[in-house]
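Notes for the one structure printed next.
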Amino acid sequence: MGIMRKMVNMVNMDYISDFFGFMKKATTAVQTVDAIRERLDAEGFLELNMNEPWTLNASGKYYLTPYPSMLLGFTIGSGQYLTTGVKMIVAHTDNPGFRIKPSPEMNSEGMLTLNVERYGGPILNTWFDRPLSIAGRIAVKSDEVLKPKVIHLDFQKPILTIPNLAIHMNREVNKGVEIKVQKEMQPLLTQLIEDEIKDNYLLDLVAEEVGVDRENILDMDLSIYCSEEGMLVGVREEFISCPRIDDLSMVYAAMEALVGSKHKNGINMVAFMDNEEIGSMTKQGADSLMLRTILERIHISTAKTEQQFTRQLMDTFVISADGAHGLHPNYGEMNDITNKPVMNKGMTIKISGNRSYASEVETIAAFQQLCDKAGVKYQKFVNHSDQPGGTTLGPLLSKYIPVHVVDAGLPMLAMHSTRELMGKKDFLDSIEIFKTFFQLEE
């Protein structure tokens, strides 16, 4: 028993270490997709192209990236897969933060800051005094007018910070002072040397980083991210503190479950969508036809009839995996009075009477049975009746595909902070739940 427990602990620590390594690469939505592609390539997945015909086979492993920040991967069983429903996990690749505006350089007494705009709903004060970096993509000139060359880049080192104003100059700071993004959230990039040219400073840095001529860069889509690494915290190292846990913890868990599961029947699938933090209303977001379009392509490529496709959709089960609000020890009154998910006490089923979550009685019960089969605990989350909650991917997906959906996720604290907190046991349990889900043979 002691040897078995030691082996389990070693596997668990491998997951934790690998997760932290993944998170160092998954700095923006585009870089997250690049990190997933690297993992799937290493596992022998074949990349598909939406502009080319597909030939799909039993026991095949495939993925496609219709857009740079969206990825869909799937495996086909070796047995019956024409009429068996799809088992799917969906999560999102984006995180709240800041995007760099065009012509961003601003000079104040030789200190060069960048003009940024808010993306989504970050907790602003958590971005002060952190080591920050830049990642994203740039478009450069090409021979095809409508198809510029796109290059992904990530500086992967702390080149920015947003310094706080000293308390001596802001005596009310601890009384809840409003933060203005346009004035106070402009990150400091460098201190200019005397006579140094400030115009297009960032453009020159980017050109040098990717090895292209500055004159060939047409546009840049760059975001700021926290460059701190993840770590275990707590006396027993029972918590995980890391940037971008929402929702990359679920992206990682779903990815690992897909590559680590064996199944005979059906199709296992992960769908990682972008722009959830700003409403998902983009072509690469959940509030679009792209996922249905891909399912139809799979249907055509596996020679299904329309009747088989409809039957498959009706038998498909989707886990919409996103963060859940755990009980905060200092703000217990903010949770519902009888449904209070606690970190490390089970993955959380998210329920809403106004259907801001897609969970229904059948899918809630099914997920409970799934957790029982995986040997892990579960909890339930409902918003405090006087606190309106957010929404996630589940209700949006069900607008376009008539599938069974349950919204679930890890209870966490400090959601949308620069660093978020989740339970280590919950995170490891989520991988086990997702593996069990993908290995169901019913």
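All of the numbers you see were taken from the coordinates with simple rules; none came from a lab. Source: prediction; values computed, not measured. A quick note on method: Cβ atoms are made from the backbone with ideal geometry, for glycine too, and the neighbour counts reach across all protein chains shown.
Where does segment 153-291 land on Rg/Rh, using Cα atoms and the Kirkwood Rh?
Numbers: Rg = 21.4 Å, Rh = 20.3 Å.
Answer for segment 153-291: 1.05.
Of the listed pairs 380/424; 61/424; 350/425; 25/262; 350/373, which have alpha-carbon separations greater than 24 Å here? Intermediate results must be reported in sequence, preceding the final value.
Working: 380/424 18 Å; 61/424 30 Å; 350/425 19 Å; 25/262 27 Å; 350/373 20 Å.
Flagged as over cut-off: 61/424; 25/262.
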Notebook entry, point to check: Put +1 on the Cβ of each Lys and Arg and -1 on the Cβ of each Asp and Glu in the chain; which of 243, 211, 271 then has its Cα farthest toward the positive end of the dipole?
Noted result: 271
Checklist line | Between helix 245-259 and the chain: long-axis angle, C-alpha atoms, 0 to 90°, nearest 10 | finding: 40
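Given Cβ point charges of +1 (Lys, Arg) and -1 (Asp, Glu) and nothing else, what value in debye, to the nearest 20, does the dipole of segment 202-243 about its Cα centre take?
Values: 2 positive and 11 negative charges, 50 e Å.
Rounded to the nearest 20 debye, it is 240 debye.
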Notebook entry, point to check: Shape call for segment 72-219 from the C-alpha gyration tensor, a ≥ b ≥ c root eigenvalues: rounded (a/c under 1.5), prolate (a/b greater than b/c) or oblate?
Noted result: oblate
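In segment 308-380, how does Rg compare with the Kirkwood Rh, expressed as the Rg/Rh ratio over alpha carbon atoms? The partial results should precede the final answer.
Details: Rg = 14.5 Å, Rh = 14.0 Å.
Rg/Rh for segment 308-380 comes to 1.04.
Using a Förster radius of 22 Å, what is the FRET efficiency between residue 231 and residue 129 based on their Cβ-Cβ separation? Nearest 0.05, please. Kindly include the intermediate steps, with their values, before the conclusion.
Numbers: r = 18 Å, r/R0 = 0.81.
About 0.80, to the nearest 0.05.
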Next item on the list: With springs only between Cα atoms under 10 Å apart, run a GNM on the chain and tell me which of 196, 172, 228 wobbles the most.
Entry: 172
Next item on the list: Run the quick spin-label model on residue 330 and residue 25: label points 7 Å from Cα toward the beta carbon, then report their separation in nm to one decimal.
Entry: 3.6
Item checked: Point-charge dipole on Cβ atoms (K/R +1, D/E -1) for segment 332-402, about Cα centre, debye to 20 -> 200
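Let me check against my output: what whole-number percent is the relative contact order of the chain, with C-alpha pairs under 8 Å and at least 6 apart? Show your work: numbers first, answer last.
Numbers: 893 pairs, mean separation 93.7, N = 442.
Once divided by the residue count of the chain, the mean separation gives 21 percent.
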Note to self: Checking the a/c ratio against 1.5 first, then a/b against b/c, what shape does the Cα gyration tensor give for the chain?
What the structure shows: oblate
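Which length gain, in nm to one decimal place, applies between residue 108 and residue 432 when the Cα-Cα distance is subtracted from 0.36 nm times their residue separation? Write down the numbers at each step before the final one.
Details: separation 324, 0.36 × 324 = 116.64 nm, distance 5.24 nm.
Working it through step by step, the gained length comes to 111.4 nm.
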Checklist line | Rough spin-label spacing in nm, given labels placed 7 Å along Cα→Cβ, for residue 355 and residue 300 | finding: 3.0
Notebook entry, point to check: Just from the alpha-carbon atoms, what are the Rg and Dmax of segment 124-209 in angstroms?
Noted result: 17.6, 57
Check: Roughly how many nanometres apart are two label points built 7 Å out from the Cα toward the Cβ at residue 293 and residue 37?
Finding: 1.8
Check: How far is the Cα center of segment 243-320 from the Cα center of segment 136-192, in Å?
Finding: 33
Next item on the list: Give the cross-link partners of residue 198 among the lysines, using a straight C-alpha distance below 18 Å as the criterion and excluding same-chain residues fewer than 8 apart.
Entry: 101
Check: Using a Förster distance of 30 Å, how high is the FRET efficiency between residue 373 and residue 78, based on the Cβ-Cβ distance and rounded to 0.05?
Finding: 0.85
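Let a ≥ b ≥ c be the square roots of the eigenvalues of the Cα gyration tensor of segment 214-335; is it rounded (a/c under 1.5), or, if not, prolate (a/b larger than b/c) or oblate? Mind showing how you got there, number by number?
Numbers: a/c = 2.07, a/b = 1.38, b/c = 1.50.
Oblate shape, in that a/c is at least 1.5 and b/c is the bigger or equal ratio.
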Check: Could you give the length gained on full extension between residue 141 and residue 385, defined as 0.36 nm per residue of separation minus the Cα-Cα distance, in nm?
Finding: 82.5 nm
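Magnitude of the Cβ-charge dipole of the chain, K/R +1 and D/E -1, about the Cα centre, nearest 20 debye?
Details: 44 positive and 58 negative charges, 285 e Å.
Magnitude of the dipole: close to 1380 debye.
Starting from the alpha-carbon convex hull of segment 320-442, give the projected area averaged over all orientations, in nm². Walk me through the numbers before you get to the answer.
Details: hull surface 32.3 nm².
Value for segment 320-442: 8.1 nm².
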